[in-house]
Amino acid sequence: MAGAMYSVYQLYGRADLTPFRNKPYSYFKEQGLQVTSKIYHMVFMKNIEADLTVFDIKDDYNTLFSPKKIEASDVILINRDCVLYAYFCDGDDFLLIEGFIPNSSSNAVIEYDTKDYVIAGYGGKWYSTESLNINGKNYYLMEHQELGKSTFWIILNEMGEVIIDKVSDGFRGDIIECIKNSVRTTSDGNTKLENWQKAYENGEYLRTAELNEEANYNMIDGRINNRKRPSVLKRLNRKKQEVSARYGNSGGAVRDEIIKK
């Protein structure tokens with residue numbers, strides 16, 4: 001999937017998350033709460049020009065939904081050719097954050113804050129200094145804890161497997177392309193898509209959210225209006241009560257015919 005797309009995430013409306021709404025990133029850190037998609041829900045998604053900055057995206061969203069605006073604690077997730085970048089709204093600024101998209105496997109052994117990790121075949125202990133989500137998988141730039149930047153970096157996948165060693169320039173240039181090319185394929189040669197990728201590919205995530213939120217099915221337009229559809233069961237029960245009040249117990253056949261209408 002080429003091109004670019006952005007999505008806006010907001011904290012769930014849970015009571016335990018209310019104190020964090022509209023708070024700066026430092027508050028999350030002080031309280032020990034990681035900013036992750038597990039506590040956020042997506043409210044909007046849109047295709048964009050590839051060269052738009054996160055500030056351009058903020059202006060775009062604010063124009064579309066004025067007077068509602070992107071505020072502190074909201075997250076903008078930018079997908080640039082299957083590479084994901086998460087930006088935390090920190091007042092008037094944005095912070096590029098790591099760990100927003102969790103590892104794709106519960107058996108993952110590397111996290112964005114891993115340290116004291118021993119890489120087979122390489123001396124010493126290593127820690128994760130940077131991470132990037134590419135093609136639905138998290139990759140980690142590991143730095144030697146003693147030698148630091150005086151030696152090379154190693155890129156591991158979330159399972160701790162060495163993808164590229166002797167890296168000198170981080171997640172730059174051809175490195176990302178090399179990682180993309182390392183994506184495993186299914187037996188028929190087609191790339192296996194993660195759930196989030198399927199959502200971006202066919203809009204399923206947003207359509208599903210809209211079907212639960214929109215007032216009418218003809219309002220499936222890429223925006224969530226947050227208006228519930230009237231309950232069909234409540235309308236049916238109300239109609240039955242109206243017919244019973246009008247015809248009583250003797251009007252069963254007439255009542256059934258009217259309810260069908």
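The values are calculated or read from the model by the stated rules, or taken from the named source; none is laboratory data. Please read these numbers as outputs of a predicted model, since none were measured by experiment. Reconstructed Cβ throughout: ideal geometry from the backbone, glycine too, with neighbour counts over all protein chains shown.
A few remarks follow.
- Given (1) farther than 20 Å from Thr36 by Cβ; (2) surrounded by fewer than 17 Cβ atoms within 10 Å (Cβ to Cβ); (3) of a type in the set (D, E, K, R), number of the condition Lys115 does not satisfy: (1)
- Top-ranked residue of the range 131-162 - restricted to ones that are surrounded by fewer than 18 Cβ atoms within 10 Å (Cβ to Cβ) and of a type in the set (Val, Ile, Thr), ranked as nearest to Ser104 (Cα to Cα): Val162
- Only one of the listed residues (Asp93, Asp113) is at pLDDT 95 or above, acidic (Asp, Glu), within 25 Å of the chain's Cα centre (by Cα) and closer than 24 Å to Ile78 by Cβ. That residue is Asp93.
- Filtered residues of the range 82-110 (kept if in contact with a Gly (Cβ under 7 Å, 6 or more places away or on another chain) and not aliphatic (A, V, I, L, M)): Ser104
- The residue list Thr53, Thr63 contains one member that is over 30 Å from Glu143 (Cα atoms), of a type in the set (Ser, Thr, Tyr) and without any contact (Cβ under 8 Å) to a residue 12 or more places away in the chain, which is Thr63.
- Test result for Ile110, within 19 Å of Asn157 (Cβ to Cβ) and in contact with a Leu (Cβ under 6 Å, 6 or more places away or on another chain): yes
- Which listed residue is of a type in the set (Gly, Ala, Ser), within 19 Å of the chain's Cα centre (by Cα) and farther than 26 Å from Asp16 by Cα, from Ala72, Ala86, Ala50: Ala50
- Residue selection: Ser104 fails the criterion of being at pLDDT 95 or above and surrounded by 14 or more Cβ atoms within 10 Å (Cβ to Cβ).
Every residue, every condition in (1) assigned by TED's automatic domain parsing to the domain that holds Ala86; (2) modelled with pLDDT under 85; (3) in a strand (DSSP E or B), yes or no:
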position	(1), (2), (3)
Gly121	no, no, no
Glu130	no, no, yes
Ile164	no, no, yes
Gly170	no, no, no
Glu177	no, no, no
Leu193	no, yes, no
Tyr205	no, yes, no
Thr208	no, yes, no
Leu211	no, yes, no
